[in-house]
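The values are calculated or read from the model by the stated rules, or taken from the named source; none is laboratory data. Since the model is a prediction, treat every value here as computed from it, not as a measurement. For neighbour counting, all protein chains shown are included, and Cβ atoms are generated from backbone atoms with ideal geometry for every residue, glycine included.
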């Protein structure tokens, strides 16, 4: 159930229209005593990022769980706040979570987590299932409970997939923002671990670019036959077209969390063969029981569009089920008997280990990931591909970056 998020008057005056900030108020739960108050925070319909799938995934899980009586007999009241990929609005969303006294933020996905996480950490509100976008705080904050390494993990894993396609020299092409540039360093590390040469990093401004030929020339000068993007859809499309115009043979990769069916349609034939790096199976993988359950909940919630079924939707959907798992005492922690609050969730997460999240991830809340990503629980990455406008599996072997980078000392012990 969704409640419309409240933006301050000052922000309304300063920011773009916040039309996607909340859902239909008629879907709001009754707000009875003991209701579990959660919040989903992400960016929707902004030029930099657009994650309607994150909202759809959380909504679908809440509707499915509430339809079966809720968690321990308590219904979930889900709030939504749109950051618009704006640091001030990201801060405002975090402050709203505090003022609303939510038990947890679920499926948090946004570039400007550096503004929001300190606020959540101070209030002891956990961000369960946060999807890392490249900021170091996401992998270290006491408020951050990611299931997987997000763009940091897939940036590290991508060179293995590019190697599987025959690339020998990897170049990072990134939007010129701090989180994307940081991810380029992780791609460099991944290339070195995979035994590939790292050619360098190409930075593209987030606005005002109409000619991508100079960036294609940079890739060529660096000897790049493999490109890992941390870029917008427009930048990906422009770069791929420009390299193809130069007659270059290049293997391309991008995060599956940021590129799916909708983006493939926008990009057209240019996107054919684009490798997508994902910690979760493709939505079309009918061999996965977890994916089947996800699809069933999404379809029942009216979100059957494949464009809403990116891995970020799976992650957000799982984050709500993770709250349910904690409340029911999965992972060895005692079940939560009273109200489900940030305090009771934090207590449960301090004890829980190896929670099975629908067969899609194994979650130890305090972290069991690589030394560079101690808060991360799941670090095995699959390689998918854009094929005929859809997202399909490949036969490239998955890579476990815990094995490649080494686990954090004592994590998960």
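Residue-by-condition table, conditions (1) closer than 18 Å to residue 186 by Cβ; (2) assigned to a loop (DSSP other than H, G, I, E, B); (3) modelled with pLDDT under 95; (4) within 11 Å of the chain's Cα centre (by Cα):
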site: 111; (1), (2), (3), (4): yes, yes, yes, yes
site: 114; (1), (2), (3), (4): yes, no, yes, no
site: 117; (1), (2), (3), (4): no, no, no, no
site: 121; (1), (2), (3), (4): no, no, no, no
site: 124; (1), (2), (3), (4): no, yes, no, no
site: 132; (1), (2), (3), (4): yes, yes, yes, yes
site: 137; (1), (2), (3), (4): yes, no, yes, no
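What do you reckon, is residue 261 surrounded by 22 or more Cβ atoms within 10 Å (Cβ to Cβ) and touching a helix residue (DSSP H, G or I) at 6+ places or on another chain (Cβ under 8 Å)? It is false that residue 261 is surrounded by 22 or more Cβ atoms within 10 Å (Cβ to Cβ) and touching a helix residue (DSSP H, G or I) at 6+ places or on another chain (Cβ under 8 Å). Of the residues making up region 225-243, those that are over 19 Å from residue 161 (Cβ atoms) and touching a helix residue (DSSP H, G or I) at 6+ places or on another chain (Cβ under 7 Å) are 233, 237, 241, 242. Exactly one residue among 224, 273 is in the same structural domain as residue 188 (by TED's automatic domain parsing), crowded, with 24+ Cβ neighbours inside 10 Å and in contact (Cβ under 8 Å) with a residue 40 or more places away in the chain, and that residue is 224.
Could we say that residue 48 is at pLDDT 95 or above and either part of a strand (DSSP E or B) or not assigned by TED's automatic domain parsing to the domain that holds residue 260 (or both) here? For residue 48, the condition - at pLDDT 95 or above and either part of a strand (DSSP E or B) or not assigned by TED's automatic domain parsing to the domain that holds residue 260 (or both) - is not met. Among the residues of region 78-106, those that are surrounded by 24 or more Cβ atoms within 10 Å (Cβ to Cβ) and in a strand (DSSP E or B) comprise 78, 79, 81, 82, 104, 105, 106. Looking at 189, 163, just one residue is modelled with pLDDT of 95 or more, touching a helix residue (DSSP H, G or I) at 6+ places or on another chain (Cβ under 9 Å), assigned to a helix (DSSP H, G or I) and surrounded by fewer than 24 Cβ atoms within 10 Å (Cβ to Cβ), and that residue is 163.
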